[in-house]
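Beneath this line is the structure, given in C-alpha cells, with notes to follow.
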Amino acid sequence: MNPAKYWVLTTFCCLSLLLPGCYSPDGPIPEAKQEKVQPLWSDEQVEALVSVTYESVPAIHQIDDPLMPEQCRDVNFLRFKTRESEIPSEADAAILLVPGILEGANGFEYIGRQLVYMAKTLRDQTIEVWAMDRRANCLEDLTGMQAAEQAGTAQQAEDLILGYYYFDQPVDGKTFQGFLKSKDMPFMLNFGMEQATQDMYAIIQSMIPDPAVSRRKVFVGGHSLGGAHTSLFLAWDLDGDPGTTDDQGANLVAGAIGFDTSIGSVSDAVGASSSSVPMMDVQGSLDKATAEANADGDTDEDAGYRRQLRWIETGVLPKNINIPLVFSAEAIALPEAVGILAAKGPDEESFVLDRLPMSPVLKNLFRFFHTRDANNYAWGPFIKDFRYTNEAQVGLMFDDHFSILSFLQTSLGHLHGGAVVPKSPFFNLMRSIPVVGDLVNAVSGPKLQHIAADAGPDRAHLGQGPLYSWADMDEIGAADDPVYTSVEGDYQYTSLSEEMVRMEDFVRALYIGETNLTEWYFPVRIVVDIDAASKSFAPQYGLNTYFKEAYKQVPTLLLMAKGGGLSFPMKDEPDRLLEVVDLAGQSHLDPMFATVNVPSLHQNQVANSILDFVESHVTE
C-alpha cells in the first residue's frame, strides 16, 4: 500500500479515542535482508587475547551504616586487559570509564574488549580499560540472571528467570526477596558524588599507586552522566586541603575521554546531568526546595540543597530513580532477561511476555513504547498481540527507530517480517514545532519512530500475524545498496549511515558476566550533588571541587553522537586542550557499541580516535 494513502486511511480512522474498532494490519513491508558481512576478526579471536574480570578494591570513602550490605563496602569494576598482562603499571596506558544514567559497567563491555584487542594486534600496544560500577549496583540480585546465562536453551533460561524472580522458585538455595524500594535502602542517602568520586580514586590508586606513573598513562572518562563524574573528578581534591595538589584529580591523569557527553567546568556538569536525566526535573526540584526553605526563613545559599537531602532521607524524594507507572527497578531489570533469551535463541519466537506477570509499571511501559497513536494506546492491539523473535524484542526496547527513550537508544538495524509503519504522524509532526519539538526530541530522539502493524487479519484474530524478526545493521543494506526500503521501494525505513551496532554485540553486553548494562537502583543523590558541587558551600558536604578550572590543563577527547536526541552544553574556550569528534548518524549509546571491524560498511571513528588520542598523550 502506498504510504500516503495508508496515512489518509489511518488518520481518518483514528481521529477519536471513541473508535475502539479502528485497526488496520496494512502498511509497507520491509524488503528482504541482505547477506551478513564477515567481520575482520571474530569474537573468538578477541576472547583468546583479551581477559575480562570483575574485580574489587577497598573503598576510600567508608560509609558507617550497619544497614548497608557487606557486598556494598568495596568498589567494583570490570578490568579489560591482555591475558598475559599482570601488573597494571606496566601497561602502556589505562583508561578508567564511568557509565551513564541507569547504566552499569557493561556499557563498556564491547568497546573495552575491542580497544585492548586493537591496541595489541594493530599497534603493538598493551592497554587496560577499567569500567566502574557505581556502588548501588551491589544491590542487584542477579542470581536468577546468572543461572539463566548458563542455561542450554532459551526456554530453560526463561524458566529460570521467571521462576526465580516471579514464582518463588529458589536457585542454588536462594530465594528472591523482591525488588528493593526506597524505604529498603536508607543507606543510599550516602551514595552521592563524594562516594562515587572517591571510588574513582580508589580504582586508580589500587591499580597504579604511584601518582607520577598514573599522571603519565592513566586516562579518565565516561559516557553521558559519566562526563559529569569526570568533570568533578578533575576538579576534586582528595584530602580536602587545596594547598596540597598532588591528590588533585587533574594531576593524576594524562587525559580525559567522553562518550556523547561534556567534560569541563563543574558548572557545565550540571548541564550534562540535566541532559542525561531527562525523566527527572533536577532544577525544578531544587527551585521548589529553595522556595520552601526561604518561606521558612532559611535563606542560606545551601538551604535548597539541605532540604533536598532531607527529602531524600524522609522519602519525599525517592532514594533511587523510581517514577510511578514509568520506571522501577523491575522495569530496568527486564532488558537483561530479554538479552539472555536473545542470546540463547535469537530467531525463536518470544513468549516471555505471555508468561510474565504484568505489574502496573510494566503494563503501562509496554503500552507507552509499543503504541502507534492514542487510539492504539487505549484499545490495542498491544505488544502481546504481536509475534516477535527474542532479538526483535531487544530491538523494540533499544533501537532508535523504536525506543521512545533517547538516553537508552542505539542503532541496531530494523524490524523485518511484516508490515511496519510510522508511529502517529501527529507525534512526528510535533518535532517541527518550536519548544515542543525540543521536548519530544529530548525524550524520544530525532529519528522517525516505527511500529509493527500486523497483529492478525482483524481484531477477532489478534496474535495470528506474521513473526517479526530483526534485520541486523549489516542486513539492512550494503555498500552499493545502503537504503532499507519497503518491498515496493516506495518507503524508506533507514540506511547504513544511521545503523552502527551489531545486535549480537549489544545483546552480549546486556547480560554477560557478573554485572550488566542496566542499573536497577540509580541513586538520586548523585544528580542532586552534581548541582551542589559548583557552589561555594560544596566542600562543607564533602564535595571537594576546589579546582574548578583544572580541566583546562587536561587534554580531552569528546566523541559526540550527532544522530541522537541529547545535547550537552559546552563553552567555547579556545585555551582548552580539547578535541571533538562528531559521529554522524550515531545515537546516544552508539559510541560504545559501534562496530569496529566491518570497514566495508563503517570506518569506526570511536576506537581509532581513542587509540590515537591515548598514544599521543602518554608521556615518558
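Under unit Cβ charges (Lys, Arg +1; Asp, Glu -1), what dipole magnitude, rounded to 20 debye, does the chain have relative to its Cα centre?
Around 1260 debye, computed over the chain.
Over the range 168-222, what percent of the accessible surface lies on carbon and sulfur atoms, probe 1.4 Å?
Values: 1080 of 2240 Å².
Here it works out to 48 percent.
Choose one of Leu234, Tyr546, Trp470: the residue whose Cα lies farthest towards the positive end of the charge dipole of the chain (beta-carbon charges +1 Lys, Arg; -1 Asp, Glu; about the Cα centre).
Trp470
Using only DSSP helix segments of four residues or longer, with each worth -39500 (n - 2.57), what per-residue ellipticity at 222 nm results for the chain after dividing by its residue count and rounding to 500?
Result for the chain: -10000 deg cm²/dmol, rounded to the nearest 500.
Return the sequence-ordered ³J(HN,Hα) values of the range 126-141 in whole Hz as given by the Karplus equation 6.51 cos²θ - 1.76 cosθ + 1.60 applied to θ = phi - 60°, using x for Gly and Pro.
9, 10, 10, 10, 10, 10, 7, 8, 4, 4, 5, 5, 5, 8, 6, 8
Please give the length that would be gained between Glu44 and Thr314 if that part of the chain were fully extended, namely 0.36 nm times their separation in residues minus their C-alpha to C-alpha distance (nm, one decimal).
Gain in length upon complete extension: 92.1 nm.
Write down the accessible area per residue of the range 93-201 in Å², having rolled a 1.4 Å probe over the full set of protein chains.
30
From the phi angles alone, apply the Karplus equation (6.51, -1.76, 1.60; θ = phi - 60°) to the range 323-329 and give each ³J(HN,Hα) in whole Hz, x where the residue is Gly or Pro.
Calculated HN-Hα couplings, in order: 9, x, 6, 10, 10, 7, 4 Hz.
Can you list the lysines whose alpha carbon sits under 24 Å from that of Lys423, skipping same-chain ones fewer than 8 residues off?
Partners found: Lys5, Lys33, Lys363, Lys384, Lys447, Lys562.
Arrange the residues Phe613, Phe368 by how much accessible surface each exposes, largest first, with a 1.4 angstrom probe.
Greatest to least solvent exposure: Phe368, Phe613.
Run through the range 29-135 and list the GluC sites (Glu not before Pro) located in a DSSP loop whose Cβ has at most 10 other Cβ atoms within 10 Å. Write out the running numbers ahead of the final one.
Values: sites: Glu31, Glu35, Glu44, Glu47, Glu55, Glu70, Glu84, Glu86, Glu90, Glu103, Glu109, Glu128; in loops: Glu31, Glu35, Glu84, Glu86.
For GluC sites (Glu not before Pro) across the range 29-135 that sit outside H, G, I, E and B with at most 10 neighbouring Cβ atoms in 10 Å, the list reads Glu35, Glu84, Glu86.
What list of ³J(HN,Hα) couplings, whole Hz, do you get for the range 104-116 from phi and the Karplus terms 6.51, -1.76, 1.60, once you set θ to phi - 60° and write x for glycine and proline?
Ordered by residue, 3J(HN,Hα) equals x, 4, 5, x, 10, 5, 6, 5, x, 5, 5, 4, 5 Hz.
Taking all protein chains in place and a 1.4 Å probe, what share, in percent, of the accessible surface of the range 485-620 do carbon and sulfur account for?
C and S fraction of accessible area: 48 percent.
Express in whole angstrom the spacing between the alpha-carbon centres of the range 231-262 and the range 91-160.
25
Which of the aspartates and glutamates could a cross-linker bridge to Lys319, judged by Cα under 12 Å and excluding same-chain residues fewer than eight apart?
Asp184
Can you tell me the order of 111-121, 56-66 when each peptide is scored by its average per-residue count of other Cβ atoms within 10 angstrom, highest first?
On the way: 111-121: 23.3, 56-66: 13.5.
Ranked from most to least packed, the peptides come out as 111-121, 56-66.
Is the shape of the range 60-183 best called rounded, prolate or oblate, per the rule: a/c under 1.5 gives rounded, else a/b larger than b/c gives prolate, else oblate, with a ≥ b ≥ c the square roots of the Cα gyration tensor eigenvalues? The partial results should precede the final answer.
Details: a/c = 2.78, a/b = 1.51, b/c = 1.83.
Verdict is oblate for the range 60-183.
Please calculate the 1.4 Å probe accessible area of Tyr23, with all protein chains present, and give it to the nearest 10 Å².
That residue has around 40 Å² of solvent-accessible surface.
Tell me, Kirkwood radius of the range 188-314 from alpha-carbon pair distances, in Å?
16.1
If one computes P(r) from the Cα atoms of the chain, what percent of pairs lie at distances over 37 Å?
Details: 64676 of 191890 pairs.
Summing the P(r) of the chain above 37 Å gives 34 percent of all pairs.
Pairs of alpha-carbon atoms within less than 8 angstrom and 6+ residues apart define the contacts here; what relative contact order does the range 33-151 have, in percent?
Contact order relative to length: 29 percent.
If packing is taken as the average number of other Cβ atoms within 10 Å across a peptide's residues, how do 398-405, 156-163 rank, most packed first?
The packing order, highest mean first, is 398-405, 156-163.
What is the helix-to-structure angle for 282-295, meaning the angle in degrees between its Cα long axis and the longest Cα principal axis of the chain, kept from 0 to 90 and rounded to the nearest 10?
Once rounded, one gets 60 degrees.
Round to a whole number: what % of the accessible area of the range 52-92 belongs to carbon and sulfur, probe 1.4 Å?
Carbon with sulfur: 48 percent of the solvent-accessible area.
In the full protein assembly as shown, how much of Arg306 is accessible to a 1.4 Å probe, in Å² to the nearest 10?
Looks like 60 Å² after rounding.
Of Met570, Met185, which has the most accessible area with a 1.4 Å probe, and how do the rest follow in descending order?
Order by accessible area, largest first: Met570, Met185.
Counting only heavy atoms of protein chains, what accessible area per residue, in Å², does the range 28-80 have with a probe of 1.4 Å?
That works out to 56 Å² for each residue.
The values are calculated or read from the model by the stated rules, or taken from the named source; none is laboratory data. Because the structure is predicted, anything quoted here is derived from the model rather than measured. Methodologically, a virtual Cβ is constructed for each residue, glycine included, from the backbone with ideal geometry; neighbour enumeration extends over all protein chains shown. The area values use the complete protein model at the heavy-atom level, side chains included, leaving out ligands, DNA and RNA. Shrake-Rupley method; radii C 1.70, N 1.55, O 1.52, S 1.80 Å.
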